[in-house]
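The values are calculated or read from the model by the stated rules, or taken from the named source; none is laboratory data. On a predicted model such as this, the values are computed, not experimentally measured, just so you know. Here the Cβ positions follow ideal geometry from the backbone for every residue, glycine too, while neighbour counts run over all protein chains shown. All accessible areas refer to the heavy atoms of the entire protein, side chains included, with ligands and DNA or RNA removed. Shrake-Rupley method; radii C 1.70, N 1.55, O 1.52, S 1.80 Å.
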Amino acid sequence: MNKCLHHIFLTVVLFSMALAFCSCKCHSISLKGKTQMNVQKETFGKTPDGRKVQLYTLTNASGLKAGIMTYGAIVLSLDVPDRNGKLADITLGFDTLDEYLKGHPYFGAIVGRYGNRIGKGKFTLNGIEYQLATNNGPNHLHGGIKGFDKVVWDAEPVTEKDAVGVKLTYLSKDGEEGYPGNLSCTVIYTLTNNDELKISYEAQTDKPTPVNLTHHSYFNLAGHGTGDILGHELMLNADRFTPVDEGLIPTGELRSVKGTPMDFTKPTAIGARVNQDDQQLKYGLGYDHNFVLKGPLNSGGGSPALAARVYEPTSGRVMEIYTTEPGIQFYSGNFLDGTNIGKGGGVYKHRYGFCLETQHFPDSPNKPEFPSVILNPGDKYTHVTVHKFYTR
Ligand code: GLA
């Protein structure tokens, strides 16, 4: 009997040792995965009013890196491999906070409360006329004089099973830049082990207000400061765009891209038609237009649909953009003129970067025929955009 008990005891001990060995091995594998992806936090500088600005560096399991700071929720850098595995930073930006503080054309920033233009900075909501700050000729652009790109956000790191990130929050007060209602905003950047930079936005208000948040990175898939972006091949999943007047305010029309330089339904080099004799290109000084995405018109809730694909032939880098938004602004860096000296002394000349800003259509508060941008108390604004990277 004793012998039998002894055997049972031995079997149980051996079995649990085997189990422990196995789980330890599994644990060490997952630990290995975890040590590769990480979030690091450091102080990047201070604003003139003494607020500390933090820089979060996200690294995924394949070595992609994103640097994101709390001033403007700005993406400072995005290191992505080329077809030989060599990393390059593919976003325009500066090395120091001071250079960002001096002013710049929204490099890498989160733009709000309303990305893009509102004609004359005016709109009427529930019978009340609102006058917003005007900062683009007579119009309101990218949230006004001190938009979300120029405020310090609160932040905390995020770690998920297959992604690392940073969660940024900002409370935009009732009356800020002329907007009604206290708007509490959350933007979460995550870098996934599928080589995606995902941006998830949420906002809630206590008074009806227009909301249109977007992200304003300037990309050059060959590496920032290496040359112009005219050789990049662009595909836009859009067969219509919103034509504009000379102030870049949409006329209200949704016009077919067919037979025009706006047709990117098949991959086409950005430079192939940018200087054509075309009224819309003249108004934008190149591409600076909102495209109507073919995916389901979505004001939140659906899953992100393919909006754009950009391929850079010399490096082989490809960026795909998926979004829940109904529109995308394609801006070919027409106002860059070499006055911005960027990271590592890179000079950002005419068309050295392009932006693809997922958004609702410009001037929607004055265009009842466009999808609504009004957020009401009790409702939640949501927007998800994914930038997926690979090589060819
Ligand atoms: C947006 C606008 C452009 C320009 C840039 C910033 O993309 O549509 O006209 O203002 O931002 O320079």
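Remarks
- Aspartates and glutamates whose Cα lies under 15 Å from that of Lys380, excluding same-chain neighbours fewer than 8 positions away: Glu202, Asp206, Glu325
- Two-site label geometry, Ala305 and Asp337: point separation in nm, points 7 Å out along Cα→Cβ: 3.9 nm
- Nonlocal amide H pairs with Arg240, under 5 Å, H built at 1.01 Å: Val257, Val292
- 3J(HN,Hα) along the range 364-372: 4, x, 10, 10, x, 7, 8, x, 5 Hz, from the Karplus curve 6.51 cos²θ - 1.76 cosθ + 1.60 with θ = phi - 60°, whole Hz, x for Gly and Pro.
- Carbon + sulfur, % of accessible area of the chain - ligands and nucleic acids excluded, 1.4 Å: 54 percent
- For the range 250-264, Karplus couplings with θ = phi - 60° (6.51, -1.76, 1.60), whole Hz, Gly/Pro x: x, 7, x, 6, 9, 9, 5, 7, 4, x, 10, x, 8, 7, 10
- Cα shape, the range 159-218, gyration tensor, a/c 1.5 rule: prolate
- Size of the range 184-277 as Cα extents on the principal axes (Å, biggest first): 47, 38, 23
- In degrees, nearest ten, helix 2-36 long axis to first principal axis of the chain (Cα): 20 degrees
- Amide H contacts of Gly108 (H built 1.01 Å from N, under 5 Å, at least 5 apart or other chain): His216, Ser217, Tyr218
- Normalised by residue count, the range 140-241 yields a Cα convex hull volume of 180 Å³ per residue.
- Rg/Rh (Cα only; Kirkwood hydrodynamic radius) as it applies to the range 258-392: 0.99
- Cα-Cα over 21 Å, subset of Lys65/Lys294; Lys122/Lys173; Lys150/Lys349; Lys282/Lys349; Lys161/Lys294: Lys65/Lys294; Lys150/Lys349; Lys161/Lys294
- Taking Cα centre as origin and charging only the Cβ of basic (Lys, Arg, +1) and acidic (Asp, Glu, -1) residues, the dipole magnitude of the chain rounds to 1080 debye.
- With eigenvalues of the C-alpha gyration tensor scaled by 5 and rooted, the chain, Å: 42, 25, 21
- For Tyr114, residues with placed amide H under 5 Å, excluding near neighbours: Gly143, Asn212
- Cα Rg, Dmax, the range 43-190, angstrom units: 17.2, 59
- Per residue, the solvent-accessible area of the chain (1.4 Å probe, heavy atoms of protein chains only, all protein chains present) comes to 43 Å².
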